[in-house]
Amino acid sequence: MTAASDDILSITAPDRTQVAARLEELRNSIRHHDYRYYVLDSPQIADQEYDDLFRELRLLEEAHPDLVTADSPTQRVGGEPLAAFGELRHLEPMLSLANAKDPGEVAAWHARVMKLVADAGFAPEAVRFSLEPKIDGLAVSLRYEAGRFVRGATRGNGIVGEDVTQNLRTITALPLTMREVVGTSGEAPPSSVGDGPGEPSPLAIPALMEVRGEVYLPLAAFERLNEQRVAAGESTFANPRNAAAGSLRQLDPRTTASRPLSLWIYGVGYVQDDPFLHQTQVLAWLRERGFRVNPDVRSAETLAELLDACRGWEERRADLDYDIDGVVVKVDDRAMQRALGSVGRDPRWAVAYKFAPTTAQTRLLSIGINVGRTGTLNPFAVLEPVEVGGVRVGLATLHNEDDIRRKDLREGDMVVVQRAGDVIPQVVSPLTDLRTGAEREFRMPAACPSCGTPVVRALGEVAVRCPNPDCPSKLVETLKHFVGRPAMDIEGVGDKLVQRFFELGLVHDPADLYRLRYEDLLPLEGFQERSARNVLTAIEASKSRPFDRVVFALGIPHVGGQVASWLTEAFPSMEALRSASAEEMGRVEGIGAVIGDAVAAWFAEPRNQDLVDRLAAAGVRMEAERRRARFAGVGAAGAAPGGDHASLSGSLSGSTLVLTGTLPTLSREEATELIEAAGGRVTGSVSGKTDYVVAGDAPGSKLAKAEKLGIRVIGEDELRALLSPGS
Ligand code: IVH
């Protein structure tokens, strides 16, 4: 028993029934606040209060392991890594959808539905439609027995899917238990779903049912995840859907838990003693029961209304913080649905109106190579600049050699380029019909373009690496990473300057930065007394960055910001970390054998030991500060799925802000932290719900959008004024 739980117990010395009752109370309360936060997006308590509830529950459960229930909020992360996923047969097949690529095809579908419905003896004026966003994620089926989540699976082949139950449990928006609907207690959902025929909700929870929905990764989280992966020297995900699929299909549920996946629920599969008459009624019921149903679901009666709603969605698409690729139009009446039936896998009663993708065609001029910090050779596309979805694009990522081969991209090809949401442009495919024969096939160079060392490809890896530890590109990238915003955040020392320092022989590795003297800088072109002093001050200031940032800044393969914070919680000093074995590190929540090995191997290198020693001698922080304990079982990422609970009392309480460009003194992380501490929310894209756009230097398209929507644009000074009004 831990000392803390001892305290709790010794105050009241409760008996088992009292403990069980308190546990139930805590669980219900946490479920309620999860629902308010993750589903209704309207929290009622502050971060700290929520943490306290969670902590009490966890400690009490630790003291009474026999009273832990499978649907306790603490059990979202707990499963051991799996060797492979099992299979799960859907009780009712998961269908797919026929596409309509333009309004004409929607009209044709509508005409066919009207005819078939009339043939089946229904009154045509009784036909209504439910219109829902088509979420671009990963379909899942969730099985509930008597309102408890028991198993969940991916779509698979529609009949049998992969059992991803443990991973689904980590998604905070997924209710482990359905809500009890408390008749008149005023807890009604804030907006009802559509304006459907409005039969009373069947209150009873079916003994067995499948709930269907789409798991997705919000765009901001997708961008953050890719940034972390780049920083950790890992490959990036091509789009949010791949990232969501990759995250849900992790054999280690703790990895899934560290990705802020979310969920939109759009229907049901098998329902025992199915009481539902309409799709809109299904959605309203699911929402009442605690499921996250999209609030913008519409209903329509006529073709004109239907097309209008589709166009509305298409316009709003860019404002959403998740990807949608169309609108699903469903016949609302389920008896009509049954009468209409399916052709193969496609139900006749539904159609997906697909949006035109944001693509363009241009020429792939050449394929260039970057050598990354860890030595990977990363190909990128040099394009003839072209406008895609309102943004001018000249470069695009190409991931790796296999990707180029798979797509059969050749230098000189005309290609299709695509952007999704706010995401980095991609080269989708070549237009092979337009080939002239002058196109050149791409071959990964056999030698590093930076230092000429023959490259190596590790067994089972797609990436090709330069093995030379003194490769200039690697060294410069390591320096850039070290001074960067998420790492040591050395203001005024950017990519160009470290490159110059390196080329001039002033700085070879990060520790050399701390040996720079005023006399070194002054003779450099563009430096004056003041700028030289500023740079030295900024370097000096970086010595007191938090310890986890120092560890992240070292650029150890696989150690992104999240992993660095887990590692430093477990090993709060450089001494502890460098003397930890691979196994000890691998046992830390969220870390695993691969990362453990990588970190231990990094510290085993004499040159890295020397680097750490010199950083320590320079006075860089080598120990964590004491921090308050976090509540959940996944280290510092406790609240990660879905974000932190917001403070309710701050000066920005209830406001939504978007950051763009480089702020004069605050890093993006710092600004986000301050805004959240003041009760505000930071989202990745500008929409009608945005209150302020905080713009710095070189703002992106978000600024233009804010101006278009008439949203207030402020700078860092104004942000600071909002953060501490009256000061
Ligand atoms: S209904 C009719 N509703 O689209 C049964 N599907 O192409 C089909 N999807 O596998 C599912 N949003 O992954 C339905 N509101 C929505 C949806 C939706 C996204 C996905 C789902 C399905 C695929 C079919």
Qualifying residue in the stretch 462-474 (condition: over 30 Å from the mean Cα position of the chain (by Cα), modelled with pLDDT under 95 and over 22 Å from residue 231 (Cα atoms)): no
Matching residues, the stretch 700-721, being farther than 23 Å from residue 322 by Cβ and surrounded by fewer than 20 Cβ atoms within 10 Å (Cβ to Cβ): 707, 710, 712, 713, 714, 715, 716, 717, 718, 720, 721
Failed item in (1) in a loop (DSSP other than H, G, I, E, B); (2) free of Cβ contacts under 8 Å to residues at least 24 places away in the same chain, with residue 97 passing the rest: (2)
Residue check, residue 317 under 22 Å from residue 40 (Cα atoms), touching a strand residue (DSSP E or B) at 6+ places or on another chain (Cβ under 8 Å), of a type in the set (D, E, K, R) and crowded, with 20+ Cβ neighbours inside 10 Å: no
Contacts under 8 angstrom Cβ, first residue in the stretch 571-596 being at positive phi and in a loop (DSSP other than H, G, I, E, B), partner of a type in the set (Phe, Trp, Tyr) and modelled with pLDDT under 95, 6 or more apart: 590/566
Output for the stretch 323-359, where each listed residue is within 11 Å of the ligand (Cβ to nearest atom), under 22 Å from the mean Cα position of the chain (by Cα) and either part of a loop (DSSP other than H, G, I, E, B) or of a type in the set (A, V, I, L, M) (or both): 323, 324
Subset of the stretch 100-111 [within 16 Å of the ligand (Cβ to nearest atom) and either assigned to a loop (DSSP other than H, G, I, E, B) or basic (Lys, Arg) (or both)]: 101
Selection status of residue 492, surrounded by fewer than 13 Cβ atoms within 10 Å (Cβ to Cβ) and either part of a loop (DSSP other than H, G, I, E, B) or at pLDDT below 95 (or both): no
Among (1) within 11 Å of the ligand (Cβ to nearest atom); (2) assigned to a loop (DSSP other than H, G, I, E, B); (3) charged (D, E, K, R), the one test that residue 179 misses: (1)
Checking residue 360 against (1) out of contact with any helix residue (DSSP H, G or I) (no Cβ under 9 Å at 6 or more places or on another chain); (2) under 27 Å from residue 158 (Cα atoms), the condition it does not meet: (2)
Selected residue (only one of 282, 268 is in a strand (DSSP E or B) and either of a type in the set (Asp, Glu) or without any contact (Cβ under 8 Å) to a residue 60 or more places away in the chain (or both)): 268
Test: residue in the stretch 72-94 that is of a type outside the set (Phe, Trp, Tyr), away from the ligand (no atom under 16 Å from the Cβ), assigned to a helix (DSSP H, G or I) and in contact with a Cys (Cβ under 9 Å, 6 or more places away or on another chain): no
Contacts under 6 angstrom Cβ, first residue in the stretch 500-528 being assigned to a loop (DSSP other than H, G, I, E, B), partner hydrophobic (A, V, I, L, M, F, W, C), 6 or more apart: 507/501; 507/513; 509/611; 514/618; 522/532; 527/521
Qualifying position, being touching a residue at least 24 places away in the same chain (Cβ under 8 Å) and either farther than 30 Å from residue 289 by Cβ or not small (Gly, Ala, Ser) (or both), among 113, 68: 113
Residue tally, condition small (Gly, Ala, Ser), out of contact with any Ser or Thr (no Cβ under 7 Å at 6 or more places or on another chain) and at pLDDT 95 or above, over the stretch 447-461: 1
Of all residues in the stretch 433-461 being over 26 Å from residue 606 (Cβ atoms) and of a type in the set (Asp, Glu), the one that is nearest to the chain's Cα centre (by Cα): 441
Where residue 279 falls short, out of the listed (1) closer than 18 Å to residue 137 by Cα; (2) within 12 Å of the ligand (Cβ to nearest atom): (1)
Residue in the stretch 135-169 that is nearest to the ligand (Cβ to nearest atom), counting only those that are of a type in the set (Lys, Arg) and in contact with a Phe, Trp or Tyr (Cβ under 8 Å, 6 or more places away or on another chain): 143
Evaluation of residue 286 against (1) at pLDDT below 95; (2) within 13 Å of the ligand (Cβ to nearest atom) (one fails), failing number: (1)
Evaluation of residue 364 against (1) hydrophobic (A, V, I, L, M, F, W, C); (2) within 16 Å of the ligand (Cβ to nearest atom); (3) crowded, with 20+ Cβ neighbours inside 10 Å (one fails), failing number: (2)
Near pairs, Cβ below 7 angstrom, 6+ apart or cross-chain, from the stretch 117-142 (assigned to a helix (DSSP H, G or I)) to any residue that is near the ligand (Cβ under 10 Å from one of its atoms): none
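The values are calculated or read from the model by the stated rules, or taken from the named source; none is laboratory data. As the structure is a computational prediction, the values presented were derived from the model and not from experiment. Positions of Cβ are backbone-derived with ideal geometry, glycine not excepted, and every protein chain shown enters the neighbour counts.
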